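The values are calculated or read from the model by the stated rules, or taken from the named source; none is laboratory data. Please read all numbers here as calculations on a predicted model, not as lab measurements. With ideal geometry, Cβ positions are generated from the backbone for all residues, glycine too; neighbour counts draw on all protein chains shown.
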Amino acid sequence: MTALILNDVCKSFGAVEVLRDINLTVEEGEFVVFVGPSGCGKSTLLRVIAGLEDATSGTVNIGGDVVNAIPPAKRGIAMVFQSYALYPHLSVRDNMALGLKQEKQPKSEIDARVDKATKMLDLGKYIDRRPADLSGGQRQRVAIGRAIVREPKLFLFDEPLSNLDAALRMNTRIEIAELHRTLSASMIYVTHDQTEAMTLADKIVVLRDGRVEQVGSPMELYNNPANQFVAGFLGSPA
Ligand code: ADP
Ligand code: MG
């Protein structure tokens, strides 16, 4: 089963074309990284996959089903944002549990999943705190925990580490790689950081101006960049 197939996906805001004929496949369990300059459409593409924006044309197929008309909560995906997007009035535990309560999962199931994510992310000490009483790195781990408890088939990460300092970025990157191995879920990860792209990706998608410029493994793109633009992003001399 293929995790995601995008077929000729286009997105315009008014007269402005932001995504143009995006074709892309993500295999089950694959870690796919989107890179490209600011404004090239990376976040918009994630939001179209998540259902937070409608594609203007083209189809989004998740796990074998066309989901264009399916709301975000029913797509089997979970998204982690750069800004964490936690609820300030809820504890760590309740932030993680909220989506499951909305899904009307039984309390025993909610508790079991929240406990498991808490252990995976080492959040036990902070479980009753509010987001305001956590560091940036701790907040981002809560946001990741909130995604994990949903047990999605496909995770979407939008520059999840860019608000963290360098040391924390490296630790959290390693944690995300471990999660990918443990959960055997598919992941799409947006970054403008070359190290993150090269170390995390099975496959890198280079976006430019709303189009796919090149797709390949990190080594393929590093050794055979299609042009100076791709080479510039991945650090090899073209
Ligand atoms: P990236 O994440 O690669 O930096 P975005 O997907 O956020 O890029 O934005 C791509 C382009 O789409 C930008 O020019 C941005 O201004 C525009 N855009 C994004 N969202 C909207 C919106 N809701 N309305 C109008 N334009 C938007
Ligand atoms: Mg963005």
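Scanning the stretch 14-28 for residues that are within 16 Å of ligand 1 (Cβ to nearest atom) and farther than 12 Å from V48 by Cβ returns G14, A15, V16, E17, R20, D21. Being assigned to a loop (DSSP other than H, G, I, E, B), within 19 Å of the chain's Cα centre (by Cα), farther than 20 Å from R139 by Cβ and within 16 Å of ligand 1 (Cβ to nearest atom), is that true of even one residue in the stretch 69-89? No; the residues of the stretch 69-89 include none that is assigned to a loop (DSSP other than H, G, I, E, B), within 19 Å of the chain's Cα centre (by Cα), farther than 20 Å from R139 by Cβ and within 16 Å of ligand 1 (Cβ to nearest atom).
Within the stretch 34-53, does at least one residue satisfy the condition of being within 10 Å of ligand 1 (Cβ to nearest atom), in contact (Cβ under 8 Å) with a residue 12 or more places away in the chain, of a type in the set (D, E, K, R) and assigned to a loop (DSSP other than H, G, I, E, B)? Yes, the stretch 34-53 contains at least one residue that is within 10 Å of ligand 1 (Cβ to nearest atom), in contact (Cβ under 8 Å) with a residue 12 or more places away in the chain, of a type in the set (D, E, K, R) and assigned to a loop (DSSP other than H, G, I, E, B).
Here D65, D122 are screened, and the one residue that is over 21 Å from P160 (Cα atoms) and either touching a residue at least 12 places away in the same chain (Cβ under 8 Å) or not small (G, A, S) (or both) is D65. Every condition in (1) within 16 Å of ligand 1 (Cβ to nearest atom); (2) more than 24 Å from V48 (Cα to Cα); (3) small (G, A, S) holds for A177 except the one numbered (1). Does any residue of the stretch 90-111 turn out to be within 21 Å of E28 (Cα to Cα) and either β-branched (V, I, T) or away from ligand 1 (no atom under 16 Å from the Cβ) (or both)? The answer is no; no qualifying residue exists.
Taking the criterion of being modelled with pLDDT of 95 or more and under 13 Å from M170 (Cα atoms), the only residue of the stretch 198-216 that qualifies is L200.
Of the residues making up the stretch 12-33, those that are out of contact with any Leu (no Cβ under 8 Å at 6 or more places or on another chain) and free of Cβ contacts under 8 Å to residues at least 24 places away in the same chain are F13, G14, A15, V16. Residue check: is A112 surrounded by fewer than 15 Cβ atoms within 10 Å (Cβ to Cβ), among the aliphatic types (A, V, I, L, M) and assigned to a helix (DSSP H, G or I)? Yes, satisfied. State whether one or more residues within the stretch 80-100 are closer than 22 Å to V212 by Cα, touching a Lys or Arg at 6+ places or on another chain (Cβ under 9 Å) and either crowded, with 17+ Cβ neighbours inside 10 Å or without any contact (Cβ under 8 Å) to a residue 12 or more places away in the chain (or both). No: zero hits. Of the residues making up the stretch 17-60, just one is in contact with a Pro (Cβ under 7 Å, 6 or more places away or on another chain) and more than 16 Å from ligand 2 (Cβ to nearest atom), namely G51. Pairing each residue of the stretch 199-213 that is of a type in the set (K, R) with any residue that is assigned to a strand (DSSP E or B), provided the two are 6+ apart or on different chains, yields C-beta distances under 6 Å for K203/V32; R211/R20.
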